[in-house]
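Notes follow once the structure below has been shown.
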Amino acid sequence: MTHPERPAAVEVHQPQPITIHPAAAPLVPVQPGTVPAVQSIQLPDGRIVTGYALTPAPVPAPVETRPAVSRTAVNVALGGIGFGAVCGGLFLLTTFIAALTAFITQLIILAAVIFGGFIAVQLFGTSRGRSVGTTVNIRKAVIKRSHFHG
């Protein structure tokens with residue numbers, strides 16, 4: 001029989017272990033540079049809690065950000081590079097024009113030599129083996145003579 005003052009069944013709760021996942025980087029304790037002040041606080045229920053006061057870290061004054069190299073120096077350097085590129089381009093242009101002029105001059109000289117050779121062959125090539133003077137086609141002359149005297 002069960003007694004009315006005692007419970008019929010007793011439930012037993014077993015504690016479950018808490019698994020802690022380690023952080024990505026382990027925490028390494030570091031000694032503070034100075035010993036912080038200890039502070040005590042009394043709670044509304046009368047308990048006193050003692051601990052270190054948390055002082056916020058001082059915020060450094062913002063530093064004016066300046067470029068590593070002055071803008072004037074960058075502009076002068078870029079201007080020098082541009083000037084060098086323009087001078088090099090003009091030098092190449094004048095070299096190209098001089099080469100083109102020499103090429104055209106050589107073509108003109110070549111054409112004059114070929115044309116002069118052609119003229120020379122026409123003038124001096126026909127006199128070989130023949131008498132110098134006017135050539136007359138005898139058949140035409142005979143025909144003309146027959147015609148006139150006929």
Karplus-derived 3J(HN,Hα) from phi for region 105-112 (6.51 cos²θ - 1.76 cosθ + 1.60, θ = phi - 60°), whole Hz, x at Gly and Pro, runs 4, 5, 5, 5, 5, 4, 5, 5
Expressed in nanometres to one decimal, the distance between label points 7 Å along Cα→Cβ at GLN106 and GLN39 is 9.4
For 37-44, 81-88, ranked highest to lowest by mean beta-carbon neighbours within 10 Å, the order is 81-88, 37-44
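Contour minus end-to-end for LEU123 and ALA68, with contour as 0.36 nm per residue of separation and end-to-end as the Cα-Cα distance?
Additional length available on full extension: 11.6 nm.
Readers should treat all values here as calculations from the given coordinates under stated rules, not as data from a laboratory. The shown structure was predicted, so the numbers you read here are calculated from the model rather than taken from an experiment. Cβ coordinates were reconstructed from backbone atoms using ideal geometry, including for glycine residues, and neighbour counts include every protein chain displayed.
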